[in-house]
Amino acid sequence: MLLRRFRFVCFAAVVSGVLGGLGCRAQVPAKAAGAAGAAAAGSELTPELARRIEVLIRSRSDIPASYRFHAGPVTPGEIPGYDTVTVTFTDNGKSSKPIVFLLSKDRQTLAQFTKYDISRDPKTLVSGAGRPARGGPENAPVLIVVFDDLECPFCARSNEHLFPAVPERYKDQVRVVYRDFPLDQHPWAMHAAVDANCVGAQSGTGYWNLIDYIHGHAGEIGGAEKTVEKAKSQLDTLAREEGKRQKIDMAQLDACLAKQDTAVIRKSMLEAEVLGVQSTPAIFINGEKIEGAQPIEDIYRAIDDALVAAGQTPPPAPAPPSNPATQPKPGN
């Protein structure tokens, strides 16, 4: 059996000497500190220092007593004043993943350090390439990517909040793209996504018309019987009706609807999971994630912040409504 995941606390916030000393620790006797200091960078840990490290880690985690502790040699670290040491645990010949710790030069402080890459523009973290869009052009300063489920009532509320309010307020400053994340508990959501994409392959206008209609009438889909087969039949009919309005190639549309190819949608779902999406709607505003059907004021705040970061001036704040409606709470 593989080793269980260890639950480590953030040592940087527990052990003093890191991040401004957010905690208390007992003083190490001068003699012990001197002995520990004998483990210079590039050398093995002394038994006494290895023991202190092991006891500290075990006291702050749920590692079984049967797991054997191993600490690698001390190596030079990237953080001034600290070296690094790698710790692993073994059980029945199987080893945990290496866990890297920072070890202060005076050997009196152990810490963990997480490094994040912020070199990329957050706007590029979530792609909207190849998707029907509303609002501004491809080079609009703000890109909003929404992972959407067409059977999700909170997605319907989010869609109602976004349109037409966001395009009307921000004009060409904002480009909005929907990507698919149909949830397993919604039996016709996948079929709806496929149908919308079939229309969208030939008409962006038709795609958005279908998105708006499905979100606005989801409670009617499935008929009085609320059966999945009835829902799928209705969705196909809606797609064909929209295709005729947009004068697209109906033979191509019918072939797409019949095939019900979910490959592109499943790829979108995998990419969303990598981004930490677990529920819908999940809205990314130049990379900033907002989950749930949040109040429109929160959406405006995130867009305005993204515009300022891009060197743009946000439009004036809209006047508050005389009788504001109660905003929905976040949800799946």
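The values are calculated or read from the model by the stated rules, or taken from the named source; none is laboratory data. Keep in mind it's a predicted model, so treat the numbers as computed, not measured. Don't worry about glycine lacking a Cβ; one is built from the backbone with ideal geometry, like all the others, and counts go over all protein chains shown.
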Residue 237 passes all but one of the listed conditions (1) among the polar types (S, T, N, Q); (2) within 17 Å of residue 148 (Cα to Cα); (3) without any contact (Cβ under 8 Å) to a residue 24 or more places away in the chain; the exception is number (2)
Of 169, 175, 157, the only residue that is in contact with a Lys or Arg (Cβ under 8 Å, 6 or more places away or on another chain), in the same structural domain as residue 246 (by TED's automatic domain parsing) and either assigned to a helix (DSSP H, G or I) or at pLDDT 95 or above (or both) is 175
Of 244, 226, the only residue that is assigned to a loop (DSSP other than H, G, I, E, B) and over 30 Å from the mean Cα position of the chain (by Cα) is 226
Residue count, region 85-135, condition on the phi > 0 side of the Ramachandran plot, of a type outside the set (Lys, Arg) and not assigned by TED's automatic domain parsing to the domain that holds residue 265, comes to 2
Residue in region 115-124 that is among the aromatic types (Phe, Trp, Tyr) and surrounded by fewer than 16 Cβ atoms within 10 Å (Cβ to Cβ) present: yes
So, first residue under 15 Å from residue 102 (Cα atoms) in region 63-78, second residue crowded, with 16+ Cβ neighbours inside 10 Å and among the small types (Gly, Ala, Ser), Cβ within less than 8 Å, six or more apart or across chains; the pairs are 71/50; 74/39
Matching residues in region 171-186 (of a type in the set (D, E, K, R), more than 30 Å from residue 226 (Cβ to Cβ) and buried (at least 24 other Cβ atoms within 10 Å of the Cβ)) number 0
Given the conditions (1) more than 21 Å from residue 257 (Cβ to Cβ); (2) surrounded by fewer than 20 Cβ atoms within 10 Å (Cβ to Cβ), every one holds for residue 213 apart from (1)
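Residue-by-condition table, conditions (1) of a type in the set (Lys, Arg); (2) in a helix (DSSP H, G or I); (3) over 20 Å from residue 178 (Cβ atoms); (4) in the same structural domain as residue 280 (by TED's automatic domain parsing):
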site: 191; (1), (2), (3), (4): no, yes, no, yes
site: 196; (1), (2), (3), (4): no, yes, no, yes
site: 199; (1), (2), (3), (4): no, yes, no, yes
site: 202; (1), (2), (3), (4): no, no, no, yes
site: 205; (1), (2), (3), (4): no, yes, no, yes
site: 210; (1), (2), (3), (4): no, yes, no, yes
site: 213; (1), (2), (3), (4): no, yes, no, yes
site: 222; (1), (2), (3), (4): no, no, yes, yes
site: 235; (1), (2), (3), (4): no, yes, no, yes
Check: Just a yes or no: is a residue in region 265-276 crowded, with 19+ Cβ neighbours inside 10 Å and over 28 Å from residue 126 (Cα atoms)?
Finding: no
Of (1) outside the structural domain of residue 208 (by TED's automatic domain parsing); (2) in contact (Cβ under 8 Å) with a residue 40 or more places away in the chain, residue 319 satisfies every one except (2)
Does any residue of region 81-97 turn out to be under 30 Å from residue 287 (Cβ atoms), touching a residue at least 24 places away in the same chain (Cβ under 8 Å) and within 32 Å of the chain's Cα centre (by Cα)?
no
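Conditions (1) modelled with pLDDT of 95 or more; (2) part of a strand (DSSP E or B); (3) among the β-branched types (Val, Ile, Thr), marked per residue:
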residue: 239; (1), (2), (3): yes, no, no
residue: 253; (1), (2), (3): yes, no, no
residue: 256; (1), (2), (3): yes, no, no
residue: 261; (1), (2), (3): yes, no, no
residue: 267; (1), (2), (3): yes, no, no
residue: 278; (1), (2), (3): no, no, no
residue: 299; (1), (2), (3): yes, no, yes
residue: 326; (1), (2), (3): no, no, yes
